[in-house]
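Below is one structure; the comments refer to it alone.
The values are calculated or read from the model by the stated rules, or taken from the named source; none is laboratory data. Keep in mind that what you see is a predicted model, and the values were worked out from it rather than measured. As a convention, Cβ positions derive from the backbone with ideal geometry for all residues, glycine included, and neighbour counts pool all protein chains shown. With ligands, DNA and RNA removed, areas are computed over all heavy atoms of the protein, side chains included. Shrake-Rupley method; radii C 1.70, N 1.55, O 1.52, S 1.80 Å.
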Amino acid sequence: MVLLTLRPRLLRLQYVPFGLAEGWRSGLCGRAGSGERPEGRVRLRFGPSPTGFLHLGGLRTALYNYIFAKKHGGTFILRIEDTDQSRLVPGAAESIEDVLEWAGIPPDESPKRGGSYGPYKQSERLDLYLKATETLLMKNAAYYCFCSPQRLEMLKKEALRMRQTPKYDNRCRHLTQTQIEERLAQGCPYVIRFRLEEGAAPFEDLVYGLNRLDPASVEGDPVILKADGFPTYHLANVVDDHHMKISHVLRGTEWLTSTAKHLLMYKAFRWDPPAFAHLPLLLNKDGSKLSKRQGDLFIQNFSQNGVLPEALLDIVTNCGSGFSGNRLGRMLEELISEFDVTKITTHSALLDLDKLPEFNRMHLLQRIECANSRQQLVTELQTMVEKEFGDKLMDSESLCTDYVERVLLHRKGHITHLQELVSPNYSYLWFRPVVSHEQMLNLSTEGEKICRVVMRFFQTWSNRSVSPAELNNELRALQTQFTSTKYNDMMKVLRLALSGKQQGPSVAEMMLALGPKEVCKRLQQAVIH
């Protein structure tokens, strides 16, 4: 029997007598070994490929794994599946873990955090895959394939010409031991293929129910170890899920048709498989497929644009299934408590990102109303204001914690992103406008008098707590002191003096956000100019 030993990215040969191979069949190959799972222990993994940065579909898969694990007191694992070395994107692996932490669903075990079942990068587990491949070779469940890329391409073209589904014709599974050794001695390049056996048993998927797919009847034997010494997805995931003691596999429905093939591998190893649940597709609202080419779907873009992680988690679950009901504004703890895998349907989830601003508005409101998270927002907003306006700031008080917190409390429910508060529409909050006497006269000949009357009103304010509606009533009462200015025109004068703008929040809301002291300073400045 010819077996493999692995050196960095190269496969070399080791000749083993057939007697020893038989011993492996009756010994190691027949045991579950250290990968045996403790009874009842729930362990789930998210296995992204670092061929790009995490997008919304990947975050949704990670989220479902996380909430399933936490629902059952289990462990959530991040495993980086970087076996396709030709497509790796520098920094993507590290970014994926950073995004999970930002989203509030950090892994319990990962490349960064470590754990008892590492390494957590597949490129660092090559010896494990090699040993598994040797086991399959000795059990005659795998074989060497020497077919050239040119021959494989010819098979594909011929199948397409005949309007058939392209598949490998299993030519090399019939090579004798002598033929294999001759080709190896000649230095012929090869891969290792798994021998698909007919009559695959049906399996129960937690979402799609009973599946009766027989992969041997529809496809050729799959490659499990490539010529560069790296495994394919099929081998690496089966081996890793076993050795990492994964109890449940939640992944996209695109892998449903491969599951029967993976179960044949579990059977060949004599390992107990995990339970499988395949998540229905997450599609655009028009039914088209989400694509990494849609650059705006990368989580980093959402984060940079001020979208809160809670809003993303809420919208990707709200449009799907798996919960007792769907409602806007759910927090992660509620998602965990309401999750039920038996409620996941096979219907695709249609994602309407036009609704994301409303989700974000709701979750930003909730953050502002929570004292702890509000303080974090105050710090973020102080940094934004200083960066955006710098020397234009009216004075040091504009960055005062009490003032910034008051601004947040008065604008909660009105803004969808924190960045809105440093947009031109809200610039009046941070520096005083310059309003000319002519601008005031264009609105009312009593502009100066209006400013003075309202100043006297606020000088006796004594920090009362009133609502915008109550303040409006008091301002309306002041209007009776002006003979030629209607209430609406009086509001226009005050809005201009306070903000330099003709549109925006109500005058009462502006005043309550600015505070009596700042209102008086601005009205005084309007009178002087």
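Summary of values
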quantity: For LEU377, net neighbour charge (Lys/Arg +1, Asp/Glu -1) across residues whose Cβ lies under 9 Å away; calculated: 0
quantity: Carbon and sulfur %, accessible surface of the chain computed with the full protein complex present, 1.4 Å; calculated: 50 percent
quantity: Antiparallel content of DSSP bridges confined to the chain, in %, to 5; calculated: 60 percent
quantity: Those aspartates and glutamates that a straight Cα-Cα span of less than 12 Å connects to LYS285, excepting residues fewer than 8 apart in one chain; calculated: ASP352, ASP354
quantity: ARG452 - accessible surface, heavy atoms, 1.4 Å probe, Å² rounded to 10; calculated: 100 Å²
quantity: Alpha-carbon centroids, region 131-160 and region 313-389: separation in whole Å; calculated: 47 Å
quantity: Total charge dipole magnitude, the chain, about the Cα centre, Cβ charges on Lys, Arg, Asp, Glu only, Debye to nearest 20; calculated: 620 debye
quantity: Overall Cα dimensions of region 74-151 - principal axes, largest extent first, Å; calculated: 47, 31, 17
quantity: Dipole of region 310-379 [Lys/Arg +1, Asp/Glu -1 at C-beta], most positive-end residue of PHE339, LEU377, GLN366; calculated: LEU377
quantity: Debye equation applied to the C-alpha atoms of the chain, log10 I(q)/I(0) at 0.11, 0.12 Å⁻¹; calculated: -0.98, -1.11
quantity: Proximal lysines relative to LYS392, as straight alpha-carbon distance under 23 Å, when same-chain residues fewer than 8 apart are discounted; calculated: LYS501, LYS517, LYS521
quantity: Which of GLN525, ILE105, LEU184, positive extreme of dipole for the chain (C-beta unit charges); calculated: LEU184
quantity: Rh (Kirkwood; distinct C-alpha pairs) - region 276-364, Å; calculated: 13.8 Å
quantity: Given LYS157/LYS261; LYS131/LYS245; LYS226/LYS343; LYS121/LYS267, the pairs whose alpha carbons are separated by over 28 Å; calculated: LYS226/LYS343
quantity: Whole-Å semi-axes of the ellipsoid equivalent to region 433-477 (Cα gyration tensor, √5λ, descending); calculated: 24, 12, 10
quantity: Where only C-alpha atoms are counted, convex hull volume of region 208-317 per residue in Å³; calculated: 185 Å³
quantity: Whole-Hz couplings from phi, Karplus 6.51/-1.76/1.60, listed for region 48-54; x for Gly and Pro; calculated: x, 9, x, 8, x, 8, 5
quantity: Cα-centre dipole for region 35-113 with unit charges at Cβ (Lys and Arg positive, Asp and Glu negative), debye to 20; calculated: 320 debye
quantity: Computed over region 317-442: relative contact order in percent, which uses C-alpha pairs under 8 Å that are six or more apart; calculated: 24 percent
quantity: Along each principal axis, Cα extent of region 385-424, largest first, Å; calculated: 29, 21, 12
quantity: Accessible area of the chain divided out per residue, in Å², using a probe of 1.4 angstrom; calculated: 47 Å²
